[in-house]
1. Give me the aspartates and glutamates in straight-line cross-link reach of K99: C-alpha distance below 13 Å, same-chain residues under 8 apart excluded.
2. Largest first and in whole Å, what are the equivalent-ellipsoid semi-axes of segment 30-129 based on the Cα gyration tensor, each being the root of 5 times an eigenvalue?
3. Which pairs, out of K90/K116; K83/K107; K51/K122, put more than 18 Å between their alpha-carbon atoms?
Amino acid sequence: MNKIYIALLIIFILVSPAIGANTSTKDQTTYRIFVNDYRGFGHIYDLITNKPVIIQNNTLNIQVGDNIEFRNSFDSRITILNKQNLWDNKTGFLSGEYKTFNYTFEKVGTYNIYIKERPNLKLTIVVGSIEQKTIIKTTTPISTPTIIKTNTHTLKLNPSNLTSNITNNTTNATVNPLGLMFYGIVSQINTILLIIILIMIFVLSGRIQG
């Protein structure tokens, strides 16, 4: 009986992480944006990786379900608003330093964020779908012509005979979440069956020796 309990414990330990990994969806990312009425929307950090986020043209790209924490980095009172009226003045009001409020973006779109007291200080947040990803194919460099010197003449080889030019090709691919889930479930079932077979061999070998 002790061997059976040990076998069940091994199955539970090995299978539990696999189940969690295959059934989980895209993790929510929380971003912290430091805001003040002097510089506007300043440093941005990814709180999952604890790394700064570099943006261009005051535009932050996130995905559906991501959360934004707006944090006042000065003593002055400011109000964070948006043209799409996602929240009201009371929610976006930050009365002083370290005051915060959070908002989770649930819909795809482009959102224009600004400071009420300084409307010229703006931030654009672009929310994309988690089902769409861009796959970029790399480019194989073209080899330069090879020159082989001999005692009598120089032989030039045409580089077109040595390599072909692969042009840049950027394609948009849609990742099917149902297909990924099915693949994960099949992989999980195969893992469980393999573990059960190994445990049965272990138990049977113990009985034979006993």
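1. Result set, ordered by chain and number: E69, D75.
2. Values: eigenvalues 74, 47, 32 Å².
So the three semi-axes of segment 30-129 are 19, 15, 13 Å.
3. Among K90/K116; K83/K107; K51/K122, the Cα-Cα distance tops 18 Å for K51/K122.
Bear in mind that the values in this text are calculations on the coordinates, not laboratory data. On a predicted model such as this, the values are computed, not experimentally measured, just so you know.
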